[in-house]
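Right, one structure below, let's go through it.
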Amino acid sequence: MTSSIEVLAEEEVLAEEAALSGEAHGPDPLEDIARRLLVEIGEDPQRDGLRDTPRRFARWWREFTQHDPGSVDTVFETTASGSLVAVSGIDVWSLCEHHLLPFSCRVTIGYLPREHILGLSKFARVAHQHAHRLQSQEQLTQDIADDIEKLTGSPDVAVIGRGEHLCMAMRGVRTPATMTTAVWRGALKDTGLRQELTALTGDNRH
């Protein structure tokens with residue numbers, strides 16, 4: 001059972017976050033949508049446990065869709081042109097545009113630098129920038145590849161995504177499974193380089 005002290009503490013946190021996000025000027029329209037949703041599925045938005053849910057719901061949606069990845073365009077000159085660069089294990093969450101249900105995706109990025117290399121943290125920032133929107137996993141990997149190609153100036157880019165989708169695990173067939181999507185561009189279409197990338201990053205498992 002939640003104590004009155006815990007309830008008061010949570011209300012203070014909610015009020016503080018609302019003030020910081022500008023909600024103090026009026027309720028977020030998403031709160032009304034959340035209340036209507038609760039009513040439509042047979043719940044009482046005024047009962048204990050749900051009273052602050054519309055505000056939490058609204059705050060999460062704003063936080064997710066307005067995510068700021070920070071700077072993504074830091075590049076450095078390099079003389080290591082043609083050496084394969086691979087970054088793996090980038091975990092992101094996104095939302096299926098067909099069912100509004102989350103999917104997680106582990107992203108691997110590889111490219112052959114030309115004159116510039118991308119700062120290491122920027123790979124994760126690019127992935128998160130594109131993950132925070134409604135889409136498909138296929139589109140996510142394409143969009144990441146587009147940005148890596150643009151930022152590095154290299155057409156030799158590969159992006160591999162391995163995703164688990166709640167729209168499959170929670171509905172329909174209700175069976176968890178891993179979906180793999182891959183984008184191969186330029187020299188990374190070559191079988192030898194593809195095998196080198198997947199061997200380096202462990203993405204050669206089936």
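When the accessible area of the range 72-189 is split by element with a 1.4 Å probe, what percent falls to carbon and sulfur?
The value for the range 72-189 is 52 percent carbon and sulfur by accessible area.
How many nm is it between the label spots at His98 and Leu50, if each spot is 7 Å from the Cα in line with the beta carbon?
So the label points at His98 and Leu50 sit 3.0 nm apart.
Remind me, relative contact order of the range 155-206 in percent, using alpha carbon pairs under 8 angstrom and six or more residues apart? If you can, show how the numbers build up before the last one.
On the way: 57 pairs, mean separation 19.0, N = 52.
Reported as a whole number, the value is 37 percent.
With a sphere of radius 15 Å drawn around the Cβ of Arg36, what net charge do the other residues whose Cβ falls strictly inside it have (Lys, Arg +1; Asp, Glu -1)? Walk me through the intermediate numbers first.
Values: positive: Arg35, Arg55; negative: Asp28, Glu31, Asp32, Glu40, Glu43, Asp44.
Every neighbour counted, the sum reads -4.
What net charge do the residues around Gly163 carry, taking every other residue with its C-beta under 11 Å from that of Gly163, with Lys and Arg at +1 and Asp and Glu at -1? The partial results should precede the final answer.
Values: positive: Arg106, Arg162; negative: Asp91, Glu138, Glu164.
Counting the neighbours of Gly163, the net charge comes to -1.
Would you check the accessible area of Arg51, probe 1.4 Å, heavy atoms only, in square angstrom rounded to 10?
Rounded to the nearest 10, the figure is 130 Å².
Measure nothing but the geometry: give the 0 to 90° angle between the long axis through the Cα atoms of 53-65 and the longest principal axis through the Cα atoms of the chain, rounded to 10°.
The angle comes out at about 20 degrees.
If you average the alpha carbon positions of the range 136-200 and of the range 91-111, how far apart do those two centres end up, in angstrom?
Cα centroid to Cα centroid, the span is 10 Å.
Find out how many positive minus negative residues lie around Ser81, taking Lys and Arg as positive, Asp and Glu as negative, among other residues whose Cβ is under 14 Å from that of Ser81. Before the final figure, lay out the partial values.
Working: positive: Arg114; negative: Glu77, Glu115, Asp156.
After counting each charged neighbour, the total is -2.
Positive end of the dipole of the chain, charges at C-beta (+1 Lys, Arg; -1 Asp, Glu), about the Cα centre: which of Thr141, Tyr111, Thr198 has its Cα farthest in that direction?
Working it through, the farthest residue towards the positive pole turns out to be Thr198.
Find the relative contact order for the chain and round it to a whole percent, using C-alpha pairs within less than 8 Å whose residues are 6+ positions apart.
Numbers: 314 pairs, mean separation 34.2, N = 206.
Worked out over the chain, it gives 17 percent.
I'd like the accessible area for Asp91: 1.4 Å probe, protein heavy atoms, all chains in place, Å² to the nearest 10.
80
With loop defined by DSSP as not H, G, I, E or B, and exposure as at most 14 other Cβ atoms within 10 Å, which is the longest segment of the chain clear of exposed GluC sites (Glu not before Pro)? Intermediate results must be reported in sequence, preceding the final value.
Values: sites that count: Glu43, Glu97, Glu115.
It runs 116-206.
Would you mind calculating the relative contact order of the range 18-109 from Cα pairs under 8 angstrom and at least 6 residues apart, reporting the percent as a whole number? Walk me through the numbers before you get to the answer.
Values: 60 pairs, mean separation 16.1, N = 92.
Taking the mean separation of contacting Cα pairs over the length of the range 18-109, I get 17 percent.
Lys/Arg Cβ at +1, Asp/Glu Cβ at -1, dipole of the chain taken about the Cα centre: which of Ile33, His128, Ala58 is farthest positive-ward?
His128
The values are calculated or read from the model by the stated rules, or taken from the named source; none is laboratory data. The structure presented is a predicted model; accordingly, all values stated were derived computationally and were not measured. Cβ coordinates were reconstructed from backbone atoms using ideal geometry, including for glycine residues, and neighbour counts include every protein chain displayed. Keep in mind that these areas ignore ligands, DNA and RNA; they rest on the heavy atoms of the full protein, side chains included. Shrake-Rupley method; radii C 1.70, N 1.55, O 1.52, S 1.80 Å.
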